[in-house]
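A.B. asks: Sharing a structure with you now.
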Amino acid sequence: MASGFKSPKQTIKSSKDLSRAKASALTEKIVSVFSEIEDPRVERTRVHVLTDILIIGILSVIAGGKGWEDMENYGLSKSEWLLQFLALPEGIPSADTFRRVFERINPQVFERCFRGWVKSVVEAVGVQVIPIDGKTLKGSYDREQGKSAIHLVSAWACEHRLVLGQVKLADKSHEITAIPALLELLDIAGCIITIDAMGTQTAIASQIFNAKADYILSLKGNHPTLHGQVKDWFEQYLAQGFEGIIHSYDERLDKGHHRTEKRQVWCVPISQLPTLHNQNDWVGLQCVVMVVRLRHLWHKTTREVQFYLTSLNYDAPQLGQAIRWHWSVEHSLHWSMDVTFNEDACRVRTGHAPQNLALLRRIALNALNLEQSFQRSHRQKSNRAAMDNHYMLTILAACLSQYNRASKSACQ
């Protein structure tokens, strides 16, 4: 055959080589993210590399793994692929190895590394409204040891659906002590912090305002005098149509899922109200908000009235949207943890494992949310990542594209 019919030499790397190079580069970034974590094992028992254990653990949870056995099974199922970019000197670690390592990893250091990674993402996408709320890991109790279930307080960037950080409540403590600790760890300047009634405390309001952020705090019966005063005032002037009162009003109507919801928001500057109970203790307080939610369901109608204290100006559309976004921490974070990752059913409860495994789940949730090319549910994304190595790399690339070592030094 004439030489003119010969196929030209292929100079482009094969897709397998490109995949290996991409996986190796992403692995280096993951190692960089968690470089501060010290190996908790004694030197003579370090058969497996710590970074291999961490990476397989993260990949397994992204792929839908629920515990140590799933980590081992994921590693065994993907061993040929993992060997292309991980050391694995003694093969895939056993389930017991995964358990022992995550029981002993310092959760504060692990959390600090997580925040360093999230900080690099947040600097790229920006954050405005940050709801803070707590969740109990129901399966983490240990009746025989007299150990109650772990409670975590999380900060959530609702617009981008990212977990910014988490803090574990100390034994015999409550959210009032955990929320300030979480706020101390985050850079919240320029953000709007929304907190439910448990965190409506003068000290927390001061901390937020002094950090150059704004707050929206739910006002309920845990402040009976102030709540009663605000409630009575709004009832009186609502009946009068707020005649002669400077205020802002917004109304929204939503329909869907066999439900119609009407939300009305009234914002009144603090100057329009009589002096409130201990008013000067609420640093930065600008206005008081009343939200009325009227829901028409197929079998009943409900009406809910809620009050808020805020350091923002009286702008009903803005405040109404921020208050609505607060509930995304329940729908998008807590619900996803229970439905997609089956968190409440997890019976891991020894050492630091419950807290560390919870952080792995939040890493996985952030990763799935940052990947936008496959517009499906978390579960479908997770299933595809389990079956398709290229898609797993796509997820990792999406959540690591903004990370660099310099972001770590800026992390508080």
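A.B. asks: Look through region 64-75, keep the residues that are surrounded by fewer than 21 Cβ atoms within 10 Å (Cβ to Cβ) and not small (Gly, Ala, Ser), and return whichever of them is farthest from GLN355 (Cα to Cα).
C.D. replies: Applying the filter and picking the extreme gives ASN73.
A.B. asks: Related question: Please indicate, with yes or no, whether at least one residue in region 279-287 is without any contact (Cβ under 8 Å) to a residue 60 or more places away in the chain and more than 21 Å from GLN229 (Cβ to Cβ). I'd like the intermediate steps shown before the answer.
C.D. replies: To start, the set of residues in region 279-287 that are without any contact (Cβ under 8 Å) to a residue 60 or more places away in the chain comprises 279-280, 286-287.
Those still in the list that are more than 21 Å from GLN229 (Cβ to Cβ) too: none.
No, region 279-287 contains no residue that is without any contact (Cβ under 8 Å) to a residue 60 or more places away in the chain and more than 21 Å from GLN229 (Cβ to Cβ).
A.B. asks: Consider ARG349 against the criteria (1) of a type outside the set (Val, Ile, Thr); (2) in a loop (DSSP other than H, G, I, E, B); (3) loosely packed, with under 15 Cβ neighbours inside 10 Å: it satisfies all of them except one. Which criterion is unmet?
C.D. replies: With respect to (1) of a type outside the set (Val, Ile, Thr); (2) in a loop (DSSP other than H, G, I, E, B); (3) loosely packed, with under 15 Cβ neighbours inside 10 Å, ARG349 is out only on (3).
A.B. asks: So which of GLN236, GLN207 ends up being surrounded by fewer than 18 Cβ atoms within 10 Å (Cβ to Cβ), more than 19 Å from the chain's Cα centre (by Cα) and either assigned to a helix (DSSP H, G or I) or at pLDDT 95 or above (or both)? So that I can check it myself, show each step before the final result.
C.D. replies: Details: GLN207 fails: surrounded by fewer than 18 Cβ atoms within 10 Å (Cβ to Cβ).
Only one candidate passes the filter, namely GLN236.
A.B. asks: Give the residue that is nearest to HIS334 (Cα to Cα), with candidates limited to residues of region 89-114 that are open to solvent by 20 Å² or more (accessible area, probe 1.4 Å) and touching a residue at least 60 places away in the same chain (Cβ under 8 Å).
C.D. replies: ARG112
A.B. asks: Being modelled with pLDDT under 90 and polar (S, T, N, Q), is that true of even one residue in region 316-330?
C.D. replies: Checking region 316-330: at least one residue is modelled with pLDDT under 90 and polar (S, T, N, Q).
A.B. asks: Please work out if ALA149 is modelled with pLDDT under 95 and within 23 Å of ARG115 (Cα to Cα).
C.D. replies: Judged against the criteria, ALA149 is not a match.
A.B. asks: All but one of (1) at negative phi; (2) part of a loop (DSSP other than H, G, I, E, B) hold for MET337, so report the exception by its number.
C.D. replies: Going through (1) at negative phi; (2) part of a loop (DSSP other than H, G, I, E, B) one by one, MET337 breaks only (2).
A.B. asks: Six or more apart or on different chains, Cβ under 7 Å: which pairs go from a residue in region 352-371 that's more than 14 Å from LEU333 (Cα to Cα) to one that's at pLDDT below 95 and basic (Lys, Arg)? Could you list them?
C.D. replies: That search, which allows pairs on different chains as well, returns GLN355/LYS168.
A.B. asks: Would region 76-88 turn up any residue that is modelled with pLDDT of 90 or more, in a helix (DSSP H, G or I), open to solvent by less than 40 Å² (accessible area, probe 1.4 Å) and closer than 24 Å to ALA345 by Cβ?
C.D. replies: no
The values are calculated or read from the model by the stated rules, or taken from the named source; none is laboratory data. All values derive from a computational prediction rather than experimental measurement. With ideal geometry, Cβ positions are generated from the backbone for all residues, glycine too; neighbour counts draw on all protein chains shown. What goes into the accessible areas is simple: the full protein's heavy atoms, side chains included, and nothing from ligands, DNA or RNA. Shrake-Rupley method; radii C 1.70, N 1.55, O 1.52, S 1.80 Å.
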